[in-house]
Amino acid sequence: MITFYSTPKPFRGHIGVIQRNALQSWKLVHPDAEVILFGNEEGAAEAARELGARHEPEVDRNSLGTPLLSSLFDRADRLARHDRLCFLNADILLTDDFLAASTRLAQLHERSLMVGRRCNLDITQPWDFSKPDWGQRLRSMAREHGKLQPPQSIDYFVFPRGLLREQVPPFAVGRPGYDNWLLWKVRSMRLPVVDVTQVVLAIHQNHNYAHHPGGQEGLWQDVEAQQNRALVGKGHFATLNNATHRFTPNGLRPNYYHWVKQAKLKAKRLLFGIEQEFYLR
């Protein structure tokens, strides 16, 4: 079984609606699925209590008050009830295909990292989870109106307990770079990094970026973004193009495109320098 964990934004307005949608979908993955919500943001305790999630208000933060990824990973590793962990953004909706892929991958490669691309979709209202076909309706809506994002759009990470214990740098959550570092780190351990995009629909509910004074551009350019890039370090960078395997409807397959991607990346390094990788994916 699996423990989901995340840290939310304040539960206000539209953000509050889509975060509640996300939490409910995680709880419905399986009756025994655990959800841990870290942080003391406005409305977090109430939402956790309402939706049957576990609330852990304490989390280490940087000098600007942003939660640190290292704290989330280490505390979840200690507190989780289950041996399979999933860190994901608090606006991601999941359906029943998620647990099926996670369970099958754990049987094939227990020590691995499961990741995938997200599908962006406009959802403005609370989703009706009371109907048995809520997942089918969600998938139909995503097929008709959603937009699959590129290989750098990585919003969930599934791995066994202990795999990354006390190894994650103090990245600021919600800023670029940490997702790329996580993929690189597991690859550097010579373990499978498996892209499950073909068999898992993970829906990112579109929202604005009013929580940051500089909007979306500010998230990519501010001091915290620059600090994250420094923590990534030289060459410690990967996207889903660098996955070692892909899960397809026909099973697990090696990702031969990785070698093409590596050759292209070496050429970019020669032409532009390593710091440009964030802009050349």
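Okay, here's what the table says:
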read-out	value
Matching strands (runs of 3 or more DSSP E) fully within the range 1-56 where at least 3 residues are under 16 Å from the mean Cα position of the chain (by Cα) and not aliphatic (A, V, I, L, M)	2-6
All positions within the range 230-243 that are surrounded by fewer than 21 Cβ atoms within 10 Å (Cβ to Cβ) and over 18 Å from Pro150 (Cβ atoms)	Ala230, Leu231, Gly233, Lys234, Gly235, His236
Unique match (being modelled with pLDDT under 95 and in contact with a helix residue (DSSP H, G or I) (Cβ under 7 Å, 6 or more places away or on another chain)) among Leu37, Leu64	Leu64
Filter result (assigned to a loop (DSSP other than H, G, I, E, B) and not small (Gly, Ala, Ser)) within the range 57-93	Pro57, Glu58, Val59, Asp60, Asn62, Leu64, Thr66, Arg81, His82, Asp83, Asn89, Asp91
Considering residues of the range 171-217 that are among the hydroxyl-bearing types (Ser, Thr, Tyr) and over 17 Å from the mean Cα position of the chain (by Cα) only, the residue modelled with the highest pLDDT	Ser188
Test: residue in the range 171-181 that is touching a residue at least 12 places away in the same chain (Cβ under 8 Å), in contact with a Ser or Thr (Cβ under 8 Å, 6 or more places away or on another chain), more than 24 Å from Gly251 (Cα to Cα) and of a type in the set (S, T, N, Q)	yes
Boolean, Lys131 is touching a residue at least 24 places away in the same chain (Cβ under 8 Å) and loosely packed, with under 14 Cβ neighbours inside 10 Å	no
Contacts under 7 angstrom Cβ, first residue in the range 140-158 being at negative phi, partner buried (at least 19 other Cβ atoms within 10 Å of the Cβ) and assigned to a loop (DSSP other than H, G, I, E, B), 6 or more apart	Ala142/Leu201; Pro151/Thr239; Gln152/Thr239; Asp155/Asn89; Tyr156/Gly116
Matching residues in the range 100-123 - criterion: being crowded, with 21+ Cβ neighbours inside 10 Å and among the aliphatic types (A, V, I, L, M)	Leu105, Leu113, Met114, Val115, Ile123
Top-ranked residue in the range 124-145 [being part of a loop (DSSP other than H, G, I, E, B) and in contact with a helix residue (DSSP H, G or I) (Cβ under 9 Å, 6 or more places away or on another chain); ranked as nearest to Leu99 (Cα to Cα)]	Phe129
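Table: residues versus (1) farther than 19 Å from Asp179 by Cα; (2) buried (at least 17 other Cβ atoms within 10 Å of the Cβ).
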position	(1), (2)
Ile2	yes, yes
Val35	yes, yes
Leu72	no, yes
Arg78	yes, no
His82	yes, no
Asp96	yes, no
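So that you can scan it fast, the table gives a plain yes or no per residue for (1) of a type in the set (A, V, I, L, M, F, W, C); (2) in contact with a His (Cβ under 7 Å, 6 or more places away or on another chain); (3) in contact (Cβ under 8 Å) with a residue 60 or more places away in the chain:
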| position | (1), (2), (3) |
| --- | --- |
| Phe4 | yes, no, yes |
| Pro31 | no, no, no |
| Gly43 | no, no, no |
| Ala48 | yes, yes, no |
| His55 | no, no, no |
| Ser70 | no, no, yes |
| Arg81 | no, no, yes |
| Arg84 | no, no, yes |
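The values are calculated or read from the model by the stated rules, or taken from the named source; none is laboratory data. Just so it is clear, the model here is predicted, and its values are computed rather than measured. Neighbour counts are summed over all protein chains in view; Cβ atoms, including those assigned to glycine, are modelled from backbone coordinates with ideal geometry.
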